[in-house]
Amino acid sequence: MTKKTKKPTQSLKIPKIIIVVGQFLSFISTKLVVQFAARLFTSPIKHPIPKRELEMDRLTRQEVLLIPSIQKRINVYHSGTSLKKILLVHGWSGRGTQLVKFAEAFEKLGFQIVSFDAPAHGKSPGNTTLMPEFIASILEIEKQFGPFEAAVGHSLGGMSLLNTVKEGFKIKRLTIIGSGDIVKDIIDDFVQNLQLDSKISDLLRIHFEKKSNRTMDSYSSHYAAKSVSIPVLVIHDENDDEVPVSCAHHIHQNLKNGELMITQNVGHRKILGDAKVIEKTINFTIQLEKQNSVK
């Protein structure tokens, strides 16, 4: 099981006004506070693109892709022309250029890079989304632009990729970085950060399950990992203050063919620029190239 967060971390602090509104609504109506919490939970923050990602944004070919199964459009990025393709998937409140250092490293080795802004992220329209829409986007991208040799996902992107592989996304190797695990824990921590009664967590979970006709914990990473047979590299920082490192260990324990790398002092986001993490991911991924050349 993942380790519970005892108090809101600095990166997950919620503005006091939102906490006050949530507590006020909880006195008025349980239904209202659940709807309020659901809206917050499904609303990513669109951060301005940082300078380090501007070149990728400027140089990539971009197009808008309709995802028929959810009737939403996403912005897709392409870099390179090789038939050997790598898919990069950002996390919650991220963007398609967030894994720019991985994109640069893979492109230097002759891979074509495909990434995207998930629904309600980056340049993609909309205000709300959830993991099932990440999954639907990945599956449609495979139809339109696949096949892919491998994929790299950060945080929710890693969780989504594990679930997508479980649902039939065909890749040879997968790297997940800073990925969460048990969905119930994620919802519990969110409600705790809102400083609401713990019973709201169960009501929020039920709210989402009624909409999706599927249990939220069926999306948990360790559950998906049990069905994944391809090699998976799990990378996580020991000092990640958003997603506990216990998630990585639990996911790794449930993989048939997993490898684990634990870093120190690079946190949840700086890990995406860490040279050792990028080198490890590249070496792990190109092992399939070496194996193919031997055959």
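With the calculation restricted to Cα positions, what are the radius of gyration and Dmax of segment 38-118 in angstrom?
For segment 38-118, the Cα-based Rg and Dmax read 13.5, 43 Å.
Could you pull out the pairs from Lys51/Lys170; Lys123/Lys199; Lys51/Lys276 whose alpha carbons sit more than 24 Å apart here?
Table pairs above 24 Å Cα-Cα are Lys51/Lys170; Lys123/Lys199.
So which trypsin sites (Lys or Arg not before Pro) in segment 163-212 pass both tests, a DSSP loop state and at most 13 other Cβ atoms within 10 Å of the Cβ?
Filter output for segment 163-212: Lys170.
Which far-off residues, 5 or more places away or on another chain, put their amide H under 5 Å from the one on Lys72, with H placed in the peptide plane?
It is Ile67, by chain and number.
With a 1.4 Å probe and all protein chains left in place, how much accessible area per residue does the chain have, in Å²?
48 Å²
Would you kindly state how much longer the chain becomes between Asn127 and Asp197 on full extension, computed as 0.36 nm times their sequence separation minus their alpha carbon distance, in nm to one decimal?
22.6 nm
Which ³J(HN,Hα) values, rounded to whole Hz and listed in residue order, are derived for segment 86-98 from phi using the Karplus coefficients 6.51, -1.76 and 1.60 in 6.51 cos²θ - 1.76 cosθ + 1.60 with θ = phi - 60°, glycine and proline given as x?
The phi angles translate into 10, 9, 10, 10, 6, x, 4, 6, x, 8, x, 9, 5 Hz.
Please report the carbon-and-sulfur percent of the accessible area for the chain; probe 1.4 Å, protein heavy atoms only, DNA, RNA and ligands left out.
In the chain, the share of accessible area belonging to carbon and sulfur is 54 percent.
Return the aspartates and glutamates within reach of Lys31: Cα separation strictly under 15 angstrom, same-chain partners fewer than 8 residues apart disregarded; answer none if there are no such residues.
Once the sequence-local aspartates and glutamates are set aside, what remains near Lys31 is Asp197, Asp202.
Based on the Cα gyration tensor of segment 171-283, what are the three equivalent ellipsoid semi-axes, each the root of five times an eigenvalue, rounded to whole Å and given largest first?
Taking √(5λ) for each Cα gyration eigenvalue gives 28, 19, 10 Å.
Let me see the P(r) profile for the chain: every Cα-Cα distance counted, bins of 10 Å, each bin given as a percent of all pairs.
P(r) for the chain, in whole percents per bin: 6, 29, 37, 21, 6, 1, 0.
Between His78 and Ile14, what is 0.36 nm times their sequence separation minus the Cα-Cα distance? Round to one decimal in nm.
Working it through step by step, the gained length comes to 19.6 nm.
For Gln144 and Ile28, calculate 0.36 nm times their separation in residues minus their Cα-Cα distance, and state this gained length in nm to one decimal.
Extending this stretch completely gives an extra 37.0 nm.
Tell me, what is the FRET efficiency for Asn265 and Val64 to the nearest 0.05, using R0 = 30 angstrom and their Cβ-Cβ distance as r?
0.15
Along segment 133-146, what does the Karplus equation 6.51 cos²θ - 1.76 cosθ + 1.60 (θ = phi - 60°) give for ³J(HN,Hα), rounded to whole Hz, x for Gly and Pro?
Karplus-based 3J(HN,Hα) across segment 133-146 equals 7, 4, 4, 4, 5, 4, 5, 6, 4, 4, 4, 7, 10, x Hz.
Size of segment 1-154 along its principal axes in angstrom, Cα-based, largest extent first?
58, 35, 33
The values are calculated or read from the model by the stated rules, or taken from the named source; none is laboratory data. All figures in this text were calculated on a predicted structure; none of them were measured in a lab. All Cβ positions, even for glycine, are placed from backbone atoms using ideal geometry, and neighbour counts span all protein chains on display. Ligands, DNA and RNA are excluded from the accessible area calculation, which covers all protein heavy atoms including side chains. Shrake-Rupley method; radii C 1.70, N 1.55, O 1.52, S 1.80 Å.
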